[in-house]
Amino acid sequence: MLFSPLTLGELELPNRLVMAPLTRVRSGKEGIPGPLVVEHYRQRASLGLIVSEGTYPSHAGQGFPGQPGLVTEEQLKGWANVTSAVHAEGGRIFAQVMHAGRVTHEDTTGGYEVVAPSAIAIDGETRTYSGKKSYPVPHALAVEELPGIVQEFVNASRNAIEAGFDGVELHSANGYLLHEFLSRAANQRDDIYGGSPENRARFVVEVAEAVVAAIGADRVGIRISPEHNIQGALELDAADVRETYGHLVDALAPLQLAYLSVLHKEPTSELVQDLRTRFNGTFLVNTGFGAITTREEATALVADGHADAVVVGRPAIANPDLARRWREGLPVNEPDQSTFYSDGAKGYTDYPAYQN
């Protein structure tokens, strides 16, 4: 079943392997995808769906040096070259819209103020254009500022469609801005966007509703990572996690999004499968960063009815023809982790396809 077609929004996927959004920082200081980025995505077009690396919706939302954006005309032209190349190979591609929130520094954003739900800094350091720096205390967004952030997601999503993407994935995972609103550790507000699980889910729902209104539900997916506990977005109270994400998914379900993608180390767990039932739509799972997903695991997740498709990261990095290799049981390339966040073609476009 892993290699059977799947309807996702208005797309027909030829298989149920989805390329995970993978930070690769190859777009330079201006955030413009160039020919190397075009080739990287083109090579992987045989996967059922490609989800792009996280792309920032505003300069303040940039999280990493070399990250691409969906803001300037030059960035959109760069992405248009990517989407054209993927479509020419028969592929399908969504843009992941990612606002870094407090997971950044002014030296990365070009001086734009770092923002978050609450004025709480992450304990640790981040890479900037001028070296490693401690995370700053972010500006706590006022209620009257939130519509402007929603509009940034809307504008970036419209820009993605203009650049030829088939849709967008809202990044509400891994400790970035939307996830920060969900996490009690990152969100200590006392207004309607903080406190109760329902209040902490409110902003994510408002972003999803606005993007759906702008580009259509069939072009919108969302990614969440309950209990991932990364980059300071801690979720250690199991009961609170169930209630928070239950509220979130119950509110998202009526929107009839293209899909819900859940990153969790135990995709067959009661928590994840309850979210699947509540969502009642196309459901993607990703086993997270701890272990590389194997062909056997991916096959079982779909065959056993735990997911409609499986999101894979490192196997897709190392194997541009992963769908063929897994379908035919061929040997696979091993990923070189030392090149994940470097420059140039090494470890990016030089992994070979299988030769008969």
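Inspect the stretch 144-151 for any residue being farther than 24 Å from residue 257 by Cβ and open to solvent by 10 Å² or more (accessible area, probe 1.4 Å) and give the result as yes or no.
Yes, there is a match, as at least one residue in the stretch 144-151 is farther than 24 Å from residue 257 by Cβ and open to solvent by 10 Å² or more (accessible area, probe 1.4 Å).
Would you call residue 23 open to solvent by 10 Å² or more (accessible area, probe 1.4 Å) and polar (S, T, N, Q)?
Spelling it out, residue 23 is indeed open to solvent by 10 Å² or more (accessible area, probe 1.4 Å) and polar (S, T, N, Q).
Search the stretch 211-237 for residues being in contact (Cβ under 8 Å) with a residue 60 or more places away in the chain, under 18 Å from residue 7 (Cα atoms) and aliphatic (A, V, I, L, M), and hand back the single one that is surrounded by the most Cβ atoms within 10 Å (Cβ to Cβ).
If we take residues in the stretch 211-237 being in contact (Cβ under 8 Å) with a residue 60 or more places away in the chain, under 18 Å from residue 7 (Cα atoms) and aliphatic (A, V, I, L, M), then 220 is surrounded by the most Cβ atoms within 10 Å (Cβ to Cβ).
Let me spell it out: the conditions are (1) over 24 Å from residue 184 (Cβ atoms); (2) out of contact with any helix residue (DSSP H, G or I) (no Cβ under 8 Å at 6 or more places or on another chain), and residue 142 meets all of them except one. Which number is the exception?
(1)
Which of the residues that make up the stretch 103-120 are within 14 Å of residue 60 (Cβ to Cβ) and either open to solvent by 10 Å² or more (accessible area, probe 1.4 Å) or without any contact (Cβ under 8 Å) to a residue 40 or more places away in the chain (or both)?
105, 106, 107, 110, 111, 112, 113, 115
Being modelled with pLDDT of 95 or more and open to solvent by 30 Å² or more (accessible area, probe 1.4 Å) is the requirement here; does residue 95 meet it?
No; evaluated as a whole, the condition is false for this residue.
Out of the stretch 255-282, which residues are without any contact (Cβ under 8 Å) to a residue 60 or more places away in the chain and among the hydroxyl-bearing types (Ser, Thr, Tyr)?
268, 269, 277
Given the condition of a type outside the set (A, V, I, L, M) and either farther than 17 Å from residue 286 by Cβ or touching a Phe, Trp or Tyr at 6+ places or on another chain (Cβ under 7 Å) (or both), answer yes or no: does some residue in the stretch 311-320 qualify?
Within the stretch 311-320, one or more residues are of a type outside the set (A, V, I, L, M) and either farther than 17 Å from residue 286 by Cβ or touching a Phe, Trp or Tyr at 6+ places or on another chain (Cβ under 7 Å) (or both).
For the stretch 5-15, enumerate the residues that are open to solvent by 30 Å² or more (accessible area, probe 1.4 Å) and in contact with a Pro (Cβ under 9 Å, 6 or more places away or on another chain).
Answer for the stretch 5-15, where residues must be open to solvent by 30 Å² or more (accessible area, probe 1.4 Å) and in contact with a Pro (Cβ under 9 Å, 6 or more places away or on another chain): 5, 12, 14.
Tell me which residues, restricted to the stretch 102-125, are in contact with a His (Cβ under 6 Å, 6 or more places away or on another chain) and farther than 14 Å from residue 180 by Cα.
109, 110, 112, 113
May I ask you to say which residue of 249, 272, 212, 168 is of a type in the set (A, V, I, L, M), under 15 Å from the mean Cα position of the chain (by Cα) and more than 29 Å from residue 137 (Cα to Cα)?
168
Please give the strands (runs of 3 or more DSSP E) falling wholly within the stretch 121-187 in which 2 or more residues are farther than 16 Å from residue 56 by Cα.
Of the strands (runs of 3 or more DSSP E) lying wholly inside the stretch 121-187, those with at least 2 residues that are farther than 16 Å from residue 56 by Cα span 125-128, 131-134.
Out of all the residues in the stretch 40-55, is one or more of a type in the set (A, V, I, L, M) and open to solvent by 10 Å² or more (accessible area, probe 1.4 Å)?
Scanning the stretch 40-55 turns up no residue that is of a type in the set (A, V, I, L, M) and open to solvent by 10 Å² or more (accessible area, probe 1.4 Å).
The values are calculated or read from the model by the stated rules, or taken from the named source; none is laboratory data. This one's a predicted model, so the numbers in the text were calculated from it and none came from an experiment. FYI the Cβ positions are ideal-geometry reconstructions off the backbone, even for glycines, and counts take in every protein chain you see. Just the protein is used for accessible areas: all its heavy atoms, side chains included, with ligands, DNA and RNA removed. Shrake-Rupley method; radii C 1.70, N 1.55, O 1.52, S 1.80 Å.
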